[in-house]
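Here the structure comes first, spelled out in structure tokens, and everything after it is commentary.
What follows is calculated from the coordinates using simple rules that are stated; it is not laboratory data. These numbers come from a predicted model, not from an experiment. Using ideal geometry, Cβ is built from the backbone for each residue, glycine included, and neighbour counts are taken over all protein chains shown.
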Amino acid sequence: MATKINIKSLPIGYQSIISNGRFAIVGDEPTAGKGTDLGFSPEDLILAALASCKVSTVRFIARKKGWDVRDVDAQLEMTVKRNLDRSLASQVRIAIQIEGDLTDEQRAELLHEADNCYVHRMIKGEWDIEKALPSLEKIEEKI
């Protein structure tokens, strides 16, 4: 099943309501970008998806193996630079803290699995992003 996101722009700043049909969050741009800074920026959302997947993967593997894991916290920081050809190069720094009664080997395995989470592999994989269509009906016709 395809993942679907709907977004409705609001007339204030660059605010939008982002929904997957079950939950909604506010998207915006920082005030430096003429937004109102009242919601997640697009960059925030990318990092949030990656962080959520990494933390969930650690918990999943630990539960699967019966390992005692309590809190799993992550901090991600992204720097984006423009190359001479105007392409973008992004660097993401990641720190994950795993609380629990774990050996060094178990902790290393959990961190390795976090680096292979679904979103991490998806971002590093091949993307085919089609050009924007003028109406939603066009998307429904293609499915």
Completion exercise
At R0 = 35 Å the Cβ-Cβ FRET efficiency linking LEU133 and ILE25, nearest 0.05, sits at 0.90
Problem - Dipole magnitude of the chain, debye to nearest 20 (Cβ charges: Lys/Arg +1, Asp/Glu -1, about Cα centre) - result: 340 debye
Fill in the blank from the handout: 1/(1 + (r/R0)^6) with r = Cβ-Cβ of ASP101 and SER52, R0 = 22 Å, i.e. FRET efficiency to nearest 0.05, evaluates to 0.35
Handout entry: 5 Å binning of all Cα-Cα separations within the stretch 1-40, expressed as whole percents from 0 upward
Key = 7, 26, 27, 19, 11, 6, 3, 1
Fill in the blank from the handout: Quick note, the stretch 67-113: a/c under 1.5 would make it rounded; otherwise a/b > b/c is prolate and the rest oblate (a ≥ b ≥ c, C-alpha gyration tensor); here it is prolate
Handout entry: Candidates SER90, SER41, SER16: whichever shows maximal mean-square fluctuation once the chain is modelled as a Gaussian network with Cα springs under 10 Å
Key = SER90
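Quickly estimate the mean residue ellipticity at 222 nm for the chain, helices only: each DSSP H run with n ≥ 4 gives -39500 (n - 2.57), and the total goes over all residues, rounded to 500. Mind showing how you got there, number by number?
Numbers: 4 runs with 49 residues, N = 143.
Mean residue ellipticity at 222 nm (helix-derived): -10500 deg cm²/dmol.
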Practice task
Starting from the Cα of GLU113, move 7 Å in the Cα-to-Cβ direction to define the label point; list residues of the stretch 39-70 whose amide nitrogen is under 13 Å from there.
Solution key: 54-70
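Around GLY35, under 13 Å between beta carbons, what's the net of Lys plus Arg minus Asp minus Glu among the other residues?
-4
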Handout entry: Most mobile of ILE94, ILE25, ILE61 in a GNM of the chain (Cα contacts under 10 Å)
Key = ILE25
Problem - Top of VAL58, VAL119, VAL26 by mean-square fluctuation, Gaussian network on the chain, Cα under 10 Å - result: VAL26
Practice task
Please give the helix 42-65 orientation as an angle from the longest Cα principal axis of the chain, in degrees from 0 to 90, rounded to the nearest 10.
Solution key: 30 degrees
Handout entry: Sparsely packed GluC sites (Glu not before Pro) within the stretch 41-143, loop by DSSP, other Cβ within 10 Å at most 14
Key = GLU126, GLU130
Practice task
Quick one: angle between helix 104-114 and the longest Cα principal axis of the chain, in degrees between 0 and 90, rounded to 10, please.
Solution key: 20 degrees
Handout entry: FRET efficiency, SER87 to ARG59 (Cβ-Cβ, R0 30 Å, nearest 0.05)
Key = 0.25
Handout entry: Span per principal axis, largest first, for the Cα atoms of the stretch 41-127 (Å)
Key = 48, 23, 22
Completion exercise
Farthest towards the positive end of the dipole of the chain, among SER16, ILE61, ALA89 and with Cβ unit charges of +1 on Lys and Arg and -1 on Asp and Glu, lies the Cα of SER16
Problem - Proximal lysine pairs, the chain, alpha carbons under 18 Å, eight or more residues apart or interchain - result: 9
Practice task
In nm, give the distance between the simple-model label positions of ARG70 and MET122, each being 7 Å from the Cα along the Cα-to-Cβ direction.
Solution key: 3.2 nm
